[in-house]
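> Take this structure, written in structure tokens, and hold onto it; I'll ask about it next.
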Amino acid sequence: MAKMITLCEILIEFNALTSGPLRHVTYFEKHIAGSEANYCVAFTKQGNECGIIARLGEDEFGYNAMEWLRGKGVDVSHIKFDPAPTGIFFIQRHYPVPHKSNFIYYRKGSAGSKLSPEDVDENYIRSADLVHSSGITLAISDSAKNAVIKAFNNAKVRSLDTNIRLKLWSAEQAREIIMGVLKEYPLKFLITDIEDSRILVRESDPDAAVSKLSNYAEIVIMKLGPKGSTVYYEGKKYHSPGYQVPVEDVTGAGDALGGTFLSLYYKGFSIEKALDYAVVASTLSVMVRGDHENIPSTSDIESFLEEMKR
């Protein structure tokens, strides 16, 4: 059984029950969220082990997140409680752009942003087959960025989802920091999308972007939203198309894709098959509110694919 360790900020998500501007929304649904936490749930859902290094507020939201992730089979032994509050964010759905969601953050000074190198147990990191993080964790604070760097220094294999959030830092800061990490710490897996590639390497064409990004990673996955995803490796390219389904909320879809792909790769699936299954995981994820709730197991994915053949 493979083991992945992630570093992240775990958040509480308040997802609007109705679409439109939040000024007119009365009811919200509470979920546990955070990109690398989503990766972890997807990774364990396919039968592998995943642990998280993070800080949560010593408050009811922090206790909720800890219990939820433990219940999903995630190793929470390296999550610490902190006096600062657990970060929260609100999701505005289908406005002003249909089938897209906007994030409104209340996370400045949160417990998650206090993540630091002292939280990174080098022996724990070395016990993992893979260490994963994202541009979000690099953005939330200098101490969190340095925690990722310490983990990458001790990792056997590294993975990064670029996940640029311009509400957390500028495009120039994102480019400088992420490209600096890529140059210093070559990756096995790089997961990105067109918008992030435009910022990082000033290319909006997927093939042109990957021709530059592949200098820093053995396997590059380009997320293409409803169009599916393309993986590039060893000079090869494979595209897995998306599926037309009712879209409730797209939040966490890319994480479902990335975490499922990584887990199935470590279970011995071919790169192509792992991506096909990962696209299904992403597809099912957008059909409900919440980042984790609709991440499928391997058998669920196979049931979906069988139905698509009919």
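> When the dipole is taken about the Cα centre of segment 3-309, and only Lys, Arg (+1) and Asp, Glu (-1) are charged at their Cβ, what size is it in debye, to the nearest 20?
Value, rounded to 20: 480 debye.
> Which percent of the accessible heavy-atom area of segment 131-246 goes to carbon and sulfur, probe 1.4 angstrom?
Answer for segment 131-246: carbon and sulfur cover 48 percent of the accessible area.
> Against the 2.2 N^0.38 Å scaling, with N counting residues, where does segment 187-257 land? I'd like the Cα-based Rg ratio to two decimal places.
Taking the Cα Rg and dividing by 2.2 N^0.38 Å, one obtains 1.11.
> Report, in debye and to the nearest 20, how large the dipole of segment 7-56 comes out about its Cα centre when Lys and Arg carry +1 and Asp and Glu carry -1 on their Cβ.
Value, rounded to 20: 140 debye.
> If you don't mind, another one. Using just the Cα positions, wrap segment 178-310 in a convex hull and report its mean projected area in square nanometres, one decimal place.
Mean shadow area of the hull around the Cα atoms is 8.2 nm².
> Determine how large the accessible area of His239 is when every protein chain is in place; take a 1.4 Å probe and give Å² rounded to the nearest 10.
80 Å²
> On a 1.4 Å probe surface of the protein chains, which of Thr298, Thr260 comes out largest in accessible area, and what is the full order?
The ranking, largest first, comes out as Thr298, Thr260.
> Rounded to the nearest whole Å², what accessible area per residue is found for the chain with the 1.4 Å probe?
Per-residue value: 42 Å².
> For segment 65-137 and segment 217-277, what is the separation of their C-alpha centers, rounded to whole Å?
So the two Cα centres are separated by 22 Å.
> Here's another thing I want to ask about it. Among Leu160, Thr192, Val120, which residue has its Cα furthest toward the positive end of the charge dipole of the chain, with +1 on Lys/Arg Cβ and -1 on Asp/Glu Cβ?
Working it through, the farthest residue towards the positive pole turns out to be Thr192.
> Per-residue accessible area for Ser116 at 1.4 Å probe radius, Å² rounded to 10?
It works out to around 20 Å².
> Could you state the principal axis extents of the C-alpha atoms in the chain, from the largest down, to the nearest angstrom?
49, 45, 39
> GNM on the chain, C-alpha springs below 10 Å: top fluctuator among Pro21, Pro117, Pro296?
Pro21
The values are calculated or read from the model by the stated rules, or taken from the named source; none is laboratory data. Only a predicted model underlies this, so the values are computations on that prediction, with no experimental measurement involved. Here the Cβ is made from the backbone with ideal geometry for all residues, glycine too, and neighbour counts use every protein chain on show. The area values use the complete protein model at the heavy-atom level, side chains included, leaving out ligands, DNA and RNA. Shrake-Rupley method; radii C 1.70, N 1.55, O 1.52, S 1.80 Å.
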